[in-house]
């Protein structure tokens with residue numbers, strides 16, 4: 001089925017080529033235009049039409065949690081799902097569940113409530129950042145001794161990393177600033193998978209993509225915000241060569257299968273950050 005699917009993408013080769021590879025540009029602060037967002041939407045529409053869109057695992061529903069006691073769990077995981085997944089944690093919930101199962105801590109989880117749509121990506125992503133920051137603030141207020149973890153896939157990865165940087169790349173009407181330094185001080189770990197705003201050769205970046213940036217690369221000031229946050233030790237963002245969104249490639253299946261390759265590594269990273 002995959003061979004037939006990728007054969008069907010042959011007709012998209014010209015549009016993909018017209019985007020051109022984004023070579024390493026750590027200081028590229030251009031705002032993505034509507035054409036760029038539209039092309040990303042077309043790629044995901046092709047995935048959905050093929051029946052491949054993020055089907056590696058069954059999704060975890062909104063509010064699923066392994067913590068059933070009263071009061072605050074020792075750790076809380078905030079999960080931002082990928083584009084076009086049903087409301088809830090999406091497939092990234094499987095990573096959160098693995099951390100819950102393998103950690104010696106009590107762990108609760110919650111889902112970022114946002115559209116996760118592509119037709120109005122800038123607005124959708126901004127709503128995701130806003131809600132993720134609200135959830136983080138509420139968790140810090142209600143459970144000040146609780147460690148926080150942020151996880152996101154695709155648009156969700158865009159969301160959770162923008163909690164640190166703000167999303168100043170979008171239209172002014174939808175700009176959301178970063179979370180407060182006080183609230184960010186409670187974040188023990190961030191995991192991103194297939195982030196469309198990826199910039200190669202950053203200390204928090206993992207995966208095989210080392211030469212081509214994502215479709216909406218972060219600005220130098222946003223990279224500095226991640227550095228100041230301590231992302232070199234607290235954050236891991238996976239991007240592989242060929243991914244159309246985080247690496248400017250043309251292999252959609254690469255984008256859809258990060259958990260197949262990196263779920264165990266991501267879980268181990270988070271568990272190490274929260275102290276077992």
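Here are a few things to note about the model shown:
- Antiparallel bridges, percent of DSSP beta bridges restricted to region 142-276 (to nearest 5): 0 percent
- Separation between Cα centres of region 216-250 and region 92-117, rounded to whole Å: 21 Å
- Using every pair of distinct Cα positions in region 73-139, the Kirkwood expression returns a hydrodynamic radius of 12.5 angstrom.
- Taken over region 81-238, the alpha-carbon convex hull comes to 111 cubic angstrom per residue.
- Residues 246, 72, 239 in ascending order of nearby Cβ atoms (within 10 Å, fewest first): 72, 239, 246.
- Here the residues 117, 208, ranked from fewest to most Cβ neighbours within 10 Å of their Cβ, fall in the order 208, 117.
Values quoted throughout were computed directly from the atomic coordinates according to the rules given, and no laboratory measurement underlies them. These numbers were taken from a predicted model, which means no experiment stands behind them. No Cβ is skipped: glycine too gets one built from the backbone with ideal geometry, and neighbour counts run over all protein chains shown.
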